[in-house]
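Note sheet for the following structure.
The values are calculated or read from the model by the stated rules, or taken from the named source; none is laboratory data. Everything numeric in this text was worked out from a predicted model, so none of it was measured. Cβ placement follows ideal geometry from the backbone for every residue including glycine, while neighbour counts extend to all protein chains displayed. These area figures cover heavy atoms from the full protein model, side chains too; ligands, DNA and RNA do not enter into them. Shrake-Rupley method; radii C 1.70, N 1.55, O 1.52, S 1.80 Å.
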Amino acid sequence: MAPHSAFRSLLLVSFSVFLTVALGVGLPAILNASMRTVGLPETSVTECIVMLYLLFVLYVATPRIPRGLVEVQGKAVFITGCDSGFGRALAKHLHELGFTVFAGCLLKDDGGEGAKELEEFRSDRMNVVQLDVCSDEQVNRAVEDVKRKLADSEKGLWAVVNNAGVSTFGEVEFTSMDTYKQVSEVNLWGTIRVTKAVLPLIRRAKGRVVNLASMYGRMGNIMRSSYCISKYGVEAFSDCLRYEMKAWGVKVSVIEPGNFIAATGILTRDVVASTANKLWKEAPSQVKEDYGKAHFDQHVALMRSYCNSGQKDVAPVLDAITDAIRSKHPYTRYTPQEPHWWIRMQLMTHLPGAVSDFLYF
């Protein structure tokens, strides 16, 4: 382990110990003061610690509490980005559950494998539509296609899942403005474009809007600024839409997946190599000189180490999206993440910036 990594790990362990001691001492004092205020007997340190861990287990480790399910029969869902990954798997899963699925595929007209696989269902409940979320024309045409094929367009469309997305990497000074625009055009503006187009149908059904963000929509990281910006935008858009749609009975949920690189294959060594070559080739000469090739290669190696990392099964994400669509009382946010990413996200979003920066960067 590199000295820097070892030092960072030591800091994290030290902080954990400090937090445990602080809670062990401070929590009993707070609870005892509360007990005295309401005239109840004081508690012991042991009882306080047990209570703390009980709350942690209830929050993190227990199964999702059943909140009732809506009837699937006759309900339709429009999903973007079904060529591969989460989208293709979700289209199959929801079809299996009995939903009518409209699967938007970027490469349908080009004979894409994902579109072909879904078309092979040969089911009147599986409809594959050509969809580039960056194109107003294709989005509007797809929505018109959905309207025509709905069993009853007056009842509207039950749900839209904005899943289409792209990812890349690169430090800020190596990332071109075109890259920033391209990533946001798909991840953010594509989400907004599709949502606006189908919202009248969703309102008519008092249905659901489900937007795929990311853990990087809640916290930043080095080498990921273009991606983080787009996903932070999805989070903000979803919050604003949720406030507005409450009056219409429409539920808006955000899915914040953790690391699913192994499951989706979104990042490979070939992709890292080609992206790195493009970044270095197009970087301004002054940036190359100031950063140096050794620094650049070190960060590329970091990205390469992520290939095939993370969870190997998309089931947690499919489960979260399905709950957002089917539950009578869906959550505002779902976090299908590995425990260490979930803990990191909580620390980075709840601790003062100076503390989280000190721990992780």
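Summary table
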read-out	value
Residue within the range 246-260 that is among the aliphatic types (A, V, I, L, M), open to solvent by 20 Å² or more (accessible area, probe 1.4 Å) and either in contact with a Ser or Thr (Cβ under 8 Å, 6 or more places away or on another chain) or within 26 Å of A354 (Cα to Cα) (or both) present	no
Hey, I343 surrounded by 19 or more Cβ atoms within 10 Å (Cβ to Cβ) and not in a loop (DSSP other than H, G, I, E, B) or not	no
Long-range neighbours under 6 Å by Cβ, at least six apart or interchain, first residue in the same structural domain as E113 (by the TED database) within the range 129-153, second of a type outside the set (S, T, N, Q) and open to solvent by 90 Å² or more (accessible area, probe 1.4 Å)	Q130/D109
Options V77, V70; residue that is in contact with a strand residue (DSSP E or B) (Cβ under 6 Å, 6 or more places away or on another chain), at pLDDT 95 or above and either in the same structural domain as P257 (by the TED database) or within 26 Å of K196 (Cβ to Cβ) (or both)	V77
Residues of the range 261-299 satisfying the condition of being under 27 Å from P316 (Cα atoms) and surrounded by 13 or more Cβ atoms within 10 Å (Cβ to Cβ)	I261, A262, A263, T264, G265, I266, L267, T268, V271, V272
Residue check, S253 assigned to a helix (DSSP H, G or I) and small (G, A, S)	no
Output for the range 175-198, where each listed residue is among the basic types (K, R) and either under 15 Å from R224 (Cα atoms) or surrounded by fewer than 16 Cβ atoms within 10 Å (Cβ to Cβ) (or both)	K181, K196
Some residue of the range 202-223 being assigned to a helix (DSSP H, G or I), surrounded by fewer than 22 Cβ atoms within 10 Å (Cβ to Cβ) and without any contact (Cβ under 8 Å) to a residue 12 or more places away in the chain	no
Selection count where residues are under 21 Å from the mean Cα position of the chain (by Cα) and over 23 Å from L157 (Cα atoms), scope the range 85-120	1
Condition broken by A315, with the remaining ones in (1) open to solvent by less than 50 Å² (accessible area, probe 1.4 Å); (2) in contact (Cβ under 8 Å) with a residue 24 or more places away in the chain satisfied	(2)
Whichever residue in the range 298-324 is touching a helix residue (DSSP H, G or I) at 6+ places or on another chain (Cβ under 8 Å) and assigned to a helix (DSSP H, G or I) and, among such residues, is farthest from G265 (Cα to Cα)	T322
Test: Y331 is touching a residue at least 60 places away in the same chain (Cβ under 8 Å), aromatic (F, W, Y) and open to solvent by 50 Å² or more (accessible area, probe 1.4 Å)	yes
Contacts under 6 angstrom Cβ, first residue in the range 88-106 being within 10 Å of V77 (Cβ to Cβ), partner open to solvent by 10 Å² or more (accessible area, probe 1.4 Å) and in a helix (DSSP H, G or I), 6 or more apart	L90/L318; V101/H95
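Quick grid of which residues meet (1) within 17 Å of E244 (Cα to Cα); (2) in contact with a helix residue (DSSP H, G or I) (Cβ under 6 Å, 6 or more places away or on another chain):
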position	(1), (2)
E171	no, no
T191	yes, yes
R204	yes, no
G207	yes, no
